[in-house]
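Following: one structure in structure tokens, then a few remarks.
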Amino acid sequence: MNKQINRVNTDVIIVGTGVAGLYAALSLPADKNILMITKSKIEESDSFLAQGGICMLKSDDDYDSYFEDTMRAGHYENNPEAVEIMIKSSRDTIDSLIGYGVDFRRDNEGNLAFTREGAHSTPRIVFHEDITGKEISSKLLARVRELPNVTIWENTAMLDILATDNTCYGIIAVSSSDSLYAITAPYTLWACGGIGGLYTHSTNFRHLTGDALAVALNHNIEIEHADYVQIHPTTLYSDKPGRRFLISESVRGEGAVLLNGKGERFVDELLPRDIVAAAIFKEMEKEGSSHVWLSMSPIDESVIKSHFPNIYEHCLEEGFDVTKEPIPVVPAQHYFMGGVKVDMNSQTSMNNLYAAGETSCNGVHGANRLASNSLLESLIFAKRAAKCMDFSNVTECPDSLLDGINTEYYDNKNALFSRYRSQVLSEIERAKKETEIRRKTVMCRTGAQK
Ligand SMILES: Cc1cc2nc3c(=O)[nH]c(=O)nc-3n(C[C@H](O)[C@H](O)[C@H](O)COP(=O)(O)OP(=O)(O)OC[C@H]3O[C@@H](n4cnc5c(N)ncnc54)[C@H](O)[C@@H]3O)c2cc1C
């Protein structure tokens, strides 16, 4: 027998309450009803975990260098148009965050202070201690909560979309008490974050399993570079299960060094993430060890305690005093450069369906993300999605689509999510092979030209 399904209608559905979802809600017209859902609690999005900071174009003179750093880190596979949009929108975005109440570190003159991370040729990252993500997300959340037109449902998971003829009319969602909802809206925005929950060792929340990608695969919505997964070089080594604790790259930006078991440096710590992670794996293999070491001894104790209080405290809790001793670190899955393919307005290949933030791929990061570009990208392209939604001429969800929902398909959400996991992992493997062939072909062609 078909399970009961509750029908809800709104103007915009936003799946995800990280920075992409929150900023989109703030950028939409105030007279439109917005329903935001999140699979877990609001604070359990990766946006709240971001440590190092958020990039900005600090002066026009830095444009070329910022552009080149982003492209070089991305192995020049980036979409230059997306990079240009991101960099040119960065100052306005930081100003708007400050307007929403975000407090960034200031220097003695009251100007924004900048820190540096790997692969940046100059300090251009604004930050709030080592909890920049929490500062930004909690301030955006506070502003969203003030909006009478926005409703947030926690512990509610998107299981599917309502779609026909390559047009999206909303989503199917399930609450923690297993109530099923058909939520219709002229526009849907996926702001569902990354895929770290698919990996044993990841800095991401465990519930971020790339559900939007599985739904996309099932509805022939285009996906790009599913194999472009970033491994962060430095997470605190632990053999306990669960999320890995990140040791921000800005710790290395401020001078921390990587050491092998003999206490020797073995890599330039400020190279792009993929190169540093590969060097660590090589060193671990050479030594037969499960981790390498990170020493913060080159950083003043006062800087450690004022810039990295969260990292300092967390390591103390784990038994390491970073002001006195090196800590064991190991690379772990961290970020997803690939995702649901979108254009410069975050429009997917399906009508009325947008995607922004880590779940989407507009090509801005190429094959490897430059540190502290992702909060920025999420905000900018979420706002572009919001601004692109045209409410002057919307079409209602056809009754036949709602009447034809097979609720049995959604009966066992755990089995469905398990299928989704397998689908996404298979897609990652398929994309890996595709990339290998593409790169080999390029190498052959280059060789033939020589
Ligand atoms: C430890 C850590 C440190 C980082 N540090 C930095 C940094 O310093 N600078 C920087 O720029 N970036 C950093 N990043 C990356 C950055 O935080 C993320 O890329 C960014 O926050 C992604 O934002 P988002 O809104 O796309 O997704 P998220 O903030 O991850 O939010 C995803 C949302 O989607 C929801 N969701 C997912 N699936 C479903 C579903 N099926 N149904 C309903 N809801 C769903 C989740 O519950 C969540 O609300 C860091 C990431 C981590 C993990």
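Every read-out reported here was derived from the displayed coordinates using simple, explicitly stated rules and does not represent laboratory data. Predicted model only: the values in this text are computed from it and were never measured. In this analysis, Cβ positions are derived from the backbone assuming ideal geometry, glycine residues included, and neighbour counts consider all displayed protein chains.
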Förster radius 45 Å - calculated FRET efficiency between TYR100 and ILE275, Cβ distance, rounded to 0.05: 0.80
Value at 222 nm in deg cm²/dmol, rounded to 500, when DSSP H runs of n ≥ 4 in the chain each add -39,500 (n - 2.57): -11000 deg cm²/dmol
In the range 1-90, the chymotrypsin sites (Phe, Trp or Tyr not before Pro) that fall in loop regions by DSSP, at most 13 other Cβ within 10 Å: TYR76
Cβ-placed point charges (K, R +1; D, E -1), dipole of the range 296-407 about Cα centre in debye, nearest 20: 440 debye
Student exercise, the chain dipole from Lys, Arg, Asp, Glu Cβ charges, in Debye to nearest 20: 680 debye
Entries in LYS240/LYS432; LYS88/LYS383; LYS58/LYS88; LYS32/LYS413 that, when Cα-Cα distance is taken, lie over 22 Å: LYS240/LYS432; LYS32/LYS413
Sorted by Cβ density within 10 Å, fewest first, the residues THR164, THR156: THR164, THR156
DSSP beta bridges in the chain [antiparallel fraction, %, rounded to 5]: 60 percent
Of the GluC sites (Glu not before Pro) in the range 264-330, those whose Cβ has at most 12 other Cβ within 10 Å and which sit in DSSP loop: GLU264
Sparse-neighbour loop sites [trypsin sites (Lys or Arg not before Pro); the range 257-331; at most 13 other C-beta within 10 Å; DSSP]: LYS262, ARG265, LYS324
Estimated distance in nm for a label pair at SER400 and ASP268, the labels positioned 7 Å out from Cα along Cα-to-Cβ: 6.2 nm
Gap separating the Cα centres of the range 150-221 and the range 374-430, nearest whole Å: 5 Å
Residues whose placed amide H lies under 5 Å from that of TYR169, excluding near-sequence neighbours: LEU162, ALA163, THR164
